[in-house]
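This report refers to the structure that appears directly beneath it.
The values are calculated or read from the model by the stated rules, or taken from the named source; none is laboratory data. Small disclaimer: the values here were computed from a predicted structure and weren't measured. In this analysis, Cβ positions are derived from the backbone assuming ideal geometry, glycine residues included, and neighbour counts consider all displayed protein chains.
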């Protein structure tokens, strides 16, 4: 951005905020405009240009040091008047008039000697060099020396399967396309930091980071627990009491045979090794650290019984009436 840009552009008007707006108000205005003008939701060419203007304005006003320099330059220019190399029109001050007043040139009535400044020319200080001296060598830019770029925030929403397997997404970040790899097993609400993918640095400084907030759509059957997948599987009373081998769905669309031991109570979790989130590399011991499938057994109680089934349940109840399933509960409650 050139010095003349700062004289000509009213960044406060671009964001629609007053000149005394605080950082929170500036950020809120920027986010609102960015959502409205984003190329992904507003493909109009004029909106894309406005989107870039809004990003440019926010880049300056969100940086306290650059904002201070911008305010000072705009104030000196009378709020945005364009500087010219020659005298201004009737009643108007040109570039020499403004800087002449700063350096003592221009006596009352305009009779004094005029101080002249060059905006170009070999060997001499240019427009930005002059004002660079006024503002500690910084001029219209950030202070000299490498400056790290700002971090940038973005968000993405993934289907559950993509979150488990990992996914590559393309995001629009401040008018540019950024491709990012989301690792397998990412959790809902997790933030992924991509080094060097944020706002470019200045004067040779490193770029900032891109921080992506990931939202994961829920699955009707599976849930994530770290690198493990969880599923609740209904079994009949007979399967839980006598034991059985049941087919359990897997995320890839297949099934895995799980042995339910005899006497398994409702709520017990069985583990199937290696059927969770796949590891992207080897663990420290050299073995793959795939997640597991955690199968929680839920004994299904029939909502309706036929006369024959009802009689069978009564016969079972009589055959097991010598046991008290709540005896242990009362004993522990009395401790």
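Would you point out the residue of segment 144-194, among those that are outside any strand (DSSP E or B) and within 13 Å of the chain's Cα centre (by Cα), that is farthest from residue 214 (Cα to Cα)? Of everything passing the filter in segment 144-194, 174 is farthest from residue 214 (Cα to Cα). Looking at 45, 72, which is the one that is farther than 18 Å from residue 152 by Cα and touching a residue at least 60 places away in the same chain (Cβ under 8 Å)? Exactly one residue qualifies, and that residue is 72. Would you check which residues across segment 203-220 are over 8 Å from the mean Cα position of the chain (by Cα), assigned to a strand (DSSP E or B) and in contact (Cβ under 8 Å) with a residue 60 or more places away in the chain and list them? Listed by number, the list holds a single entry, 215.
Every listed requirement among (1) within 24 Å of residue 161 (Cα to Cα); (2) in a loop (DSSP other than H, G, I, E, B) is met by residue 262 save one, (1). So for segment 273-285 (the condition being surrounded by 11 or more Cβ atoms within 10 Å (Cβ to Cβ), within 25 Å of residue 163 (Cα to Cα) and at pLDDT 95 or above), does at least one residue qualify? Looking through segment 273-285, none of the residues is surrounded by 11 or more Cβ atoms within 10 Å (Cβ to Cβ), within 25 Å of residue 163 (Cα to Cα) and at pLDDT 95 or above.
Looking at 317, 290, 322, just one residue is out of contact with any strand residue (DSSP E or B) (no Cβ under 9 Å at 6 or more places or on another chain) and either in contact (Cβ under 8 Å) with a residue 40 or more places away in the chain or surrounded by 14 or more Cβ atoms within 10 Å (Cβ to Cβ) (or both), and that residue is 290. Taken as a whole, segment 232-253 holds no residue that is more than 34 Å from the chain's Cα centre (by Cα), surrounded by fewer than 12 Cβ atoms within 10 Å (Cβ to Cβ), in contact (Cβ under 8 Å) with a residue 24 or more places away in the chain and not in a strand (DSSP E or B).
Contact annotation: residue pairs with Cβ atoms under 8 Å, 6 or more positions apart or on different chains, pairing a residue in segment 143-171 that is on the phi > 0 side of the Ramachandran plot with a partner that is surrounded by 15 or more Cβ atoms within 10 Å (Cβ to Cβ), are 166/182; 166/184; 166/185; 166/186.
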